[in-house]
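Presented below is the structure to which this report refers.
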Amino acid sequence: MYAMERQQLIERELREIGRVSVVDLARRFDVTTETVRRDLDRLEQTGSLRRVHGGAVGIDRASTTEVSLSERRLRQGEAKRAIGIEAARLLTPGFRGSIFIDAGTTPAAVAAELPLVLGDSAGAVEIVTHSLEAAHILAGDDRVSLTVIGGKVRGVTAAAVGAHTVRSIGELRPDIAFVGTNGVSAGFGLSTPDPEEAAVKTAIIRAARRVVVVADTAKFGEELLVRFARLDEIDVLVTNGTPPEPLAAALTDADAEVRVA
């Protein structure tokens, strides 16, 4: 394979999942890691990507960058659905209680599975969310009882944020919360680009009896502008691939269960 062909494939993968690994690319292309690093250096020179430790990310992945909701729906779609199914399975048969659904496309994937998993017990479950996307998914299903928390709506995430939202969440005590994240790393924990989104996520984690983070592997190693939780503040991470070291070790040290869809 010519260098130009490899570089075009690397650019395509960056568009699809936002991050590439030197080791993974070397294995896939059957070339040395030095060859891959030269490809990445060349693409960085042309402004196609940004080099990070162990690989590269798309040029749009700065610590404050957020892609639109419609674009995020297209990324890792099958992985998010698998995560949603696996996360919903954490609810035991006949579950009774309350559930909080965070904003984001992966928590929305969990929301889509809840009526199916809850079955006949769905009517005895109170679901709360500040996400317009999750609310849209659940509002048409008469098997669930749904409460939507209001506030100022951020268009990029279709989520209510602000002091009213945070205060309302602080008055709740849901049995389980499904929380999304833009980044999860060993040293920085869970992070997101926007301070208002971070404040809401922090409130959810403090309120819930059990915290389940749902995140695809593209979030591994990412550190965005605002940390909203440490790894030891979560109970379960549901993802679509085994976390790499040192993240796996950090999750073990934090006594966080990892479930791979």
### Task
Taking the options Leu247, Leu224, name whichever one is buried (at least 19 other Cβ atoms within 10 Å of the Cβ) and either more than 13 Å from the chain's Cα centre (by Cα) or modelled with pLDDT of 95 or more (or both).
Leu247
### Task
For the stretch 1-23, enumerate the residues that are open to solvent by less than 80 Å² (accessible area, probe 1.4 Å) and among the charged types (D, E, K, R).
Arg6, Glu11, Glu13, Arg19
### Query
Could you say whether any residue in the stretch 191-207 is of a type outside the set (Gly, Ala, Ser), open to solvent by 40 Å² or more (accessible area, probe 1.4 Å), under 15 Å from the mean Cα position of the chain (by Cα) and modelled with pLDDT of 95 or more?
no
### Task
Read through the list (1) in contact (Cβ under 8 Å) with a residue 12 or more places away in the chain; (2) farther than 20 Å from Phe228 by Cα, then give the number of the only condition that Ile149 fails.
(2)
### Summary
Only one of (1) crowded, with 18+ Cβ neighbours inside 10 Å; (2) modelled with pLDDT of 95 or more; (3) out of contact with any helix residue (DSSP H, G or I) (no Cβ under 8 Å at 6 or more places or on another chain) does not apply to Thr147, and that is (1)
#### Entry: Search result, residues across the stretch 227-244 that are surrounded by fewer than 17 Cβ atoms within 10 Å (Cβ to Cβ) and over 24 Å from Pro174 (Cα atoms)
Gly241, Thr242, Pro244
## Note on the structure
By residue number, the members of the stretch 159-173 that are open to solvent by less than 10 Å² (accessible area, probe 1.4 Å) and either touching an Asp or Glu at 6+ places or on another chain (Cβ under 8 Å) or hydroxyl-bearing (Ser, Thr, Tyr) (or both) are Ala159, Val161, Thr165
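The values are calculated or read from the model by the stated rules, or taken from the named source; none is laboratory data. Just so it is clear, the structure is predicted and the values come from calculations on it, not from any experiment. Note that each Cβ is placed from the backbone with ideal geometry, even for glycine, and that neighbours are counted across all protein chains shown. Calculation scope for accessible area: heavy atoms of the full protein, side chains included, ligands and nucleic acids excluded. Shrake-Rupley method; radii C 1.70, N 1.55, O 1.52, S 1.80 Å.
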